[in-house]
Amino acid sequence: MNTGQIISGAGHLALIGWALIGGVFRSDPLPFEVTEVTAISTEEYAALLARDSAPEAVASVDTPEPPAPGDLAPDLSSAADAPPEVTQPEANDSPPPDAVPDVSQMTPPDPAEVTDAPPVLEVPQEDMAAMVPEVSPRPNPRPAPRVAPEAVAPPEPDVRIDDVANPEVAPDQGAEVVEEPAEATAPEEAATEIVTEAEKLEQAAPSVSMRPKARPARATEAAQEAPKPAPEPSRQKPATDKSAVNDALAAALGGAQQNNDRPSGPPLTSGEKDALRLAVQQCWNVGSLSSDALRTTVVVAVSMGEDGKPNNGSIRMLSASGGGDTAAKQAFEAARRAIIRCGARGFDLPVEKYDSWRDIEMTFNPEKMRIK
Amino acid sequence: MMRMLATLLMALSLWALPAVAQSNGPLRIEITEGVIEPLPYAVPDFVSDNSAGADFGRRIARVIASDLSGTGLFREIPNEAHISQITSFESPVQYADWKAINAQALITGAVSVDNAGKLVVRFRIYDVFSGQELGSGLQFVGTQEGWRRMAHKVADQVYTRITGEGGYFDSRVVFVGESGPKDKRAKRLAIMDYDGANVSYLTDSSSIVLAPRFSPTGDRVLYTSYETGFPRIYVLDVASVGRRALETQPGTMSFAPRFGPDGRTVVYSLTQNGNSDIFRMDINSGASARLTDAPSIETAPSFSPDGSQIVFESDRSGTPQLYVMSANGGEARRISFGQGRYGTPVWSPRGDLIAFTKQSKGRFHIGVMRTDGSEERLLTASFLDEGPTWAPNGRVIMFTRETQGPQGQASLYSVDITGRNLKQVQTSTGASDPSWSPLQN
């Protein structure tokens, strides 16, 4: 066997092993010393120099004299303590039995006079009751005609309803760049849950006002003297923007793979995936689905163009679970409408990662949407 | 040694390959939250194939729109906003024009009157955003007087094809029409379309009538009348308005009748010697059987849609609560445990829910719960809500709401089982005790 080949093989194996699991052995960066330096002004430096010189060290210190060898050792003997005297208690005679009470002479107590009239209850003072504010146990859910994952406040009356919020653009006569005038748009009002009539509180405001608080007592001297705890200087944590790090990593890794002639890249970051998810769910309207269809989870496959627009003809159902064929069909149609409607303007996806989102499988799970 | 190394290297490369391949697989995301909002649709006036049908085109489209928008699940995009006009039933649809106004469903149709004077209605439904027709086109033929029913049938088809569940528009409601002041109120049986149109009366107002209930086929109605001074159960044929009293033992009071799903069995309450219990009777033979035997009050029985169980109201625990027992009687299981009093339970036609009236803290509610009593949900709240009845598809509930005071008026309301879309059903007089028919044939 050729020794050179063995060495070469072992070397390669070690190299591959290191490449695969090298991360495990990578040590932490070497610790480095940090010396705190305080910047001071010239005056402060001069003041430091002008300070009195350090007190002289004491040259001689009296030391106690060692005991002379002839001294007697202290007498450590001691007499044993006398045992404490314990006196035994004298045994008492058994107590005489109690005399049997003479019940023949007893007379039962007179029965208490009971009247049918109920006791008059004192009505509590009104201002006492007013101490307790009548506050609704939880915030009154705001009814809205639309239910969405995130509540949306009612838009301004003259604003057009659209999926995205855009400010109004009016032509400015003095401007050099003429902007195209555009209507203001805002998303439609929405609440996060369905509010039934039975749940609507008739009046959310407290019906009784709170009693005004008593005037505060004079502060005691002790309280005045109590030093205020100095506020702790807030430590600023270096802000770690996860997505920024991910982006940087993605960019670095992506750069290494740019050799291919077609755009390819790393998988989407979780932020990019979330953005896509949010974009689709805005258009996923389950309001008109049957309760059977609302029990059906469908997996839908779609091919995407590089412009971020779905290829409508490619939308197909891969699988359905939880309901019958009809329910699966309705659930798929609602999912298809969501992809087509919200994808009509193109989803916001990074082109450099086109390879990772060329084909998308979306699972539409309506479990959370059943009764909301 | 070399071979071992080579094998090891190959194994390593094989192990590493799927990892590389996996990154090129489809991107997978899961969507768990959507929105709940009415689906926008457009229904342009139906085109008329001949002059005789011209009048019906617009009226039929309006009834369809009223049906769909009335569910709260759909929102009509008004005709004024339409970009392209439908001039021919056969010409291709300009999807882009309908997409531009965000119409997600489009209903087009044509109306004509044939040589025999029959009204012919054809229609198609389109899924605008996927650019496809939903199902295939359909045609209905009927009398000209029945044009509203034909519109309801079209709306039922649209509803079914989009939501996946049965419609309820081509159905009727029997109820007690009320007129006059509260202390001297005249009551008579009335029947109408589900939306309040086409009201007609089945009895005169000479005696008090209560609690009409449709048969499973919608051809007969059971009701309680005080004609003889005592409550007694009658069965009425809707088409001929002929009626007969059910045989009961003399000296008893019978009330709260309801048909079983076979259309032959009737369950009802019977009071004898001051005690009310539940009985069942074969309506043809008149043979009756006792289902409960308790010193408490048992009333308001309602069959499950498969006919195997009965839900009813009883105060055997001290307050009125809901119980479920076998259709042949026997041990009953209590299902309501919330605060307050429960009554008038009705089993949903889908079998999954039970609707009820609940009185709690001085207010009345209509609510629904699962058949084991779980997931109780109150849908309404008012001074007096009672007597729920289910739409044929088990998605909507109609009930009576009465306002407070001597001038208080009873009227009919409907609400979706989610608690949304609460609205009054328009009736010309006061109305109470509704019972919803099945879908008509």
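The values are calculated or read from the model by the stated rules, or taken from the named source; none is laboratory data. Please read all numbers here as calculations on a predicted model, not as lab measurements. In this analysis, Cβ positions are derived from the backbone assuming ideal geometry, glycine residues included, and neighbour counts consider all displayed protein chains.
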query = Which one is surrounded by the most Cβ atoms within 10 Å (Cβ to Cβ) among residues in the range B:198-237 that are at pLDDT 90 or above and in a loop (DSSP other than H, G, I, E, B)?
reply = B:215
Conditions (1) over 15 Å from residue A:364 (Cα atoms); (2) crowded, with 20+ Cβ neighbours inside 10 Å; number of the one not met by residue A:309 = (2)
query = Identify, please: which residue in the range B:163-189 is crowded, with 24+ Cβ neighbours inside 10 Å and within 14 Å of chain A (Cβ to nearest Cβ) and is, among those, nearest to the chain's Cα centre (by Cα)?
reply = B:168
remark   = Being of a type in the set (Asp, Glu), under 27 Å from residue B:245 (Cα atoms) and in the same structural domain as residue B:415 (by TED's automatic domain parsing) narrows B:375, B:331, B:313 down to just B:313
query = Of the residues that sit in the range B:244-286 and are without any contact (Cβ under 8 Å) to a residue 12 or more places away in the chain and either touching an Asp or Glu at 6+ places or on another chain (Cβ under 8 Å) or assigned to a loop (DSSP other than H, G, I, E, B) (or both), which one is surrounded by the most Cβ atoms within 10 Å (Cβ to Cβ)?
reply = B:285
inquiry  = List the residue pairs whose Cβ atoms are under 9 Å apart, where the first residue sits in the range B:407-425 and is within 12 Å of chain A (Cβ to nearest Cβ), the second is exposed (fewer than 15 other Cβ atoms within 10 Å of the Cβ) and among the basic types (Lys, Arg), and the two are 6 or more positions apart or on different chains.
reply    = B:413/B:423; B:415/B:423
inquiry  = of a type in the set (Phe, Trp, Tyr) and closer than 18 Å to residue B:338 by Cβ: is that true of residue B:356 in this structure?
reply    = yes
key: Odd one out for residue A:330 among (1) surrounded by fewer than 20 Cβ atoms within 10 Å (Cβ to Cβ); (2) facing another protein chain (nearest Cβ under 9 Å); (3) touching a residue at least 40 places away in the same chain (Cβ under 8 Å); (4) not hydroxyl-bearing (Ser, Thr, Tyr)   = (1)
One residue from A:323, A:287, A:271 being more than 9 Å from chain B (Cβ to nearest Cβ) and either in a loop (DSSP other than H, G, I, E, B) or over 17 Å from residue B:166 (Cα atoms) (or both) = A:271
ask   = Can you tell me which residues in the range A:350-372 are more than 30 Å from residue B:377 (Cβ to Cβ) and either at the interface with chain B (Cβ under 9 Å from one of its Cβ atoms) or in a helix (DSSP H, G or I) (or both)?
value = A:351, A:352, A:353, A:354, A:355, A:356, A:357, A:358, A:359, A:360, A:361, A:362
query = Considering only the range B:139-170, how many residues are of a type in the set (A, V, I, L, M, F, W, C), touching a helix residue (DSSP H, G or I) at 6+ places or on another chain (Cβ under 8 Å) and without any contact (Cβ under 8 Å) to a residue 60 or more places away in the chain?
reply = 1
ask   = Can you find a residue in the range B:374-384 that is buried (at least 17 other Cβ atoms within 10 Å of the Cβ), of a type in the set (D, E, K, R) and part of a strand (DSSP E or B)?
value = yes
message = With the requirement that a residue be under 27 Å from the mean Cα position of the chain (by Cα), more than 20 Å from residue B:348 (Cα to Cα) and hydroxyl-bearing (Ser, Thr, Tyr), what does the range B:253-293 give you?
response = B:269
request  = Sort through B:121, B:93 and tell me the only one that's away from chain A (no Cβ under 13 Å), among the β-branched types (Val, Ile, Thr), under 17 Å from residue B:139 (Cα atoms) and touching a residue at least 24 places away in the same chain (Cβ under 8 Å).
outcome  = B:121
message = Checking residue B:389 against (1) part of a strand (DSSP E or B); (2) of a type in the set (S, T, N, Q); (3) within 12 Å of another protein chain (Cβ to nearest Cβ), only one condition comes out false. Which one?
response = (3)
